[in-house]
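Chemist: Below is one structure. I have some questions about it.
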Amino acid sequence: MKASRIAGIALRQFYLYKGNFARVVPLFAFVAVDMVLWGFMTRYLNSVASHGHDFVPALLGAVLLWDFFARVMQGLTMGFFEDVWSRNFLNVFATPLTLPEYVGGLVLTSIVTSAIGLLVMLLLSSTVFGLSFAAYGVMFVPFILILFLFGIALGILGSALVLRLGPAAEWFVWPIPSLLSPFVGVFYPLATLPEWMQWVGRALPPSYVFEGVRTLAAGGEFSGAMLGWGLGLAVLDIVLAGLVFQWVYRYAVRTGLLARYSAESVT
């Protein structure tokens, strides 16, 4: 892979954001609204809780991490969708650009866009609502890493889905974070779920993150082995998603679907 080609894909996305302020606002506006909404919700819950439990680290922290995951996934898929909407996908692959370089450029774009959203959420949650990350300690970094890797994996998988089924399939991609949230226990322990949902949750890396967030917020100690499981699953998901995307791309080239894909986007 050539770094210049990866940077070129990311640079194209940068010019799209630079030329249109309406593209920039969603990078921070929606996550800021979520922080404000859930921040006041945690204040209300703290005021009515009789046992003096602090909901800020467990609840607001979980919202912050889940929104970060969603921003990572959407940051990658949005870069792919831009090529779909502008009917530029065939033009990109008419160049010597390789598939790993293209995906690498989308990942680089996602890093930048998700970092902007994360920075806004950290500023709002800490300065306005007093969320202290001291409760998580150094574990906050691997939590972010696991969610980032899993978000990239789902972004690649969602892009493969659209490549295989056509532009209309993007509506299958947007709800993915919402569909997964009941299984990973963003707001409640996995033990709350039926047994079959718990098995699904254990196969998803974010469940280990949110179990850890609740444990640390309650003053307990989170097992490093569980964190290792989450990290290992996230890496495995990226490998599998990359293989799926590669298979779908080769299938689209071999069957001529790639050309029909561009024609479908016109209609």
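Chemist: Scan segment 209-217 and tell me whether some residue there is aliphatic (A, V, I, L, M), over 30 Å from L108 (Cβ atoms), open to solvent by 10 Å² or more (accessible area, probe 1.4 Å) and in a helix (DSSP H, G or I).
Modeler: We begin by selecting, within segment 209-217, every residue aliphatic (A, V, I, L, M); these are 209, 213, 216-217.
From what is left, the residues that are over 30 Å from L108 (Cβ atoms) are 216-217.
Next, only the ones that are open to solvent by 10 Å² or more (accessible area, probe 1.4 Å) stay: 216-217.
Imposing the further condition that a residue be in a helix (DSSP H, G or I) reduces the set to 216-217.
Yes, the conditions are met somewhere in segment 209-217.
Chemist: Pull up segment 157-188, narrow it to residues that are open to solvent by 60 Å² or more (accessible area, probe 1.4 Å) and assigned to a loop (DSSP other than H, G, I, E, B), then point me to the one that is nearest to L243 (Cα to Cα).
Modeler: W174
Chemist: List pairs: first residue in segment 52-80 and open to solvent by 20 Å² or more (accessible area, probe 1.4 Å), second residue at pLDDT 90 or above and not in a helix (DSSP H, G or I) anywhere in the structure, Cβ distance under 6 angstrom, at least six positions apart or on different chains.
Modeler: The qualifying pairs are W66/V186.
Chemist: When residues of segment 189-208 are filtered for being surrounded by fewer than 16 Cβ atoms within 10 Å (Cβ to Cβ) and either touching a Ser or Thr at 6+ places or on another chain (Cβ under 7 Å) or not in a helix (DSSP H, G or I) (or both), how many remain?
Modeler: Adding up the residues that qualify gives 3.
Chemist: Same structure, new question: Of the conditions (1) in a loop (DSSP other than H, G, I, E, B); (2) touching an Asp or Glu at 6+ places or on another chain (Cβ under 9 Å), L154 satisfies every one except a single condition; which number is it?
Modeler: Exception for L154: condition (1).
Chemist: Just to verify a result, which residue in segment 37-46, among those that are among the hydrophobic types (A, V, I, L, M, F, W, C) and touching a helix residue (DSSP H, G or I) at 6+ places or on another chain (Cβ under 7 Å), is surrounded by the most Cβ atoms within 10 Å (Cβ to Cβ)?
Modeler: Per the criteria, the residue is W38.
Chemist: A follow-up question, please. Pairs please, first residue from segment 200-225 and touching a residue at least 12 places away in the same chain (Cβ under 8 Å), second anywhere and open to solvent by 30 Å² or more (accessible area, probe 1.4 Å) and part of a loop (DSSP other than H, G, I, E, B), Cβ atoms under 6 Å, 6+ apart in sequence or on different chains.
Modeler: Close Cβ pairs satisfying both conditions: G212/F222; L216/F222.
Chemist: Does V107 satisfy the condition of being open to solvent by 20 Å² or more (accessible area, probe 1.4 Å) and either assigned to a loop (DSSP other than H, G, I, E, B) or within 24 Å of K18 (Cα to Cα) (or both)? Give the derivation first.
Modeler: On the way: open to solvent by 20 Å² or more (accessible area, probe 1.4 Å): yes; either assigned to a loop (DSSP other than H, G, I, E, B) or within 24 Å of K18 (Cα to Cα) (or both): yes.
Judged against the criteria, V107 is a match.
Chemist: Further question: Here is a list of conditions, (1) surrounded by fewer than 16 Cβ atoms within 10 Å (Cβ to Cβ); (2) at pLDDT below 85; (3) under 18 Å from F133 (Cα atoms), and A49 meets all of them except one; can you say which number that is?
Modeler: (3)
Chemist: Given the criterion under 30 Å from V84 (Cα atoms), crowded, with 18+ Cβ neighbours inside 10 Å, under 21 Å from the mean Cα position of the chain (by Cα) and of a type in the set (F, W, Y), identify the matching residue among F150, F143. Explain how you work it out, then say what you get.
Modeler: Working: F143 fails: under 30 Å from V84 (Cα atoms).
F150 is the lone residue from the list that is under 30 Å from V84 (Cα atoms), crowded, with 18+ Cβ neighbours inside 10 Å, under 21 Å from the mean Cα position of the chain (by Cα) and of a type in the set (F, W, Y).
Chemist: Which condition number in (1) open to solvent by 70 Å² or more (accessible area, probe 1.4 Å); (2) in contact with a Gly (Cβ under 9 Å, 6 or more places away or on another chain); (3) modelled with pLDDT of 90 or more; (4) not β-branched (V, I, T) is the one that F30 fails?
Modeler: All conditions pass for F30, except number (3).
The values are calculated or read from the model by the stated rules, or taken from the named source; none is laboratory data. Worth saying up front: this structure is predicted, and the values here are computed from it rather than measured. Cβ coordinates were reconstructed from backbone atoms using ideal geometry, including for glycine residues, and neighbour counts include every protein chain displayed. When the accessible area is computed, the model is the full protein with side chains, heavy atoms only, and any ligands, DNA or RNA have been set aside. Shrake-Rupley method; radii C 1.70, N 1.55, O 1.52, S 1.80 Å.
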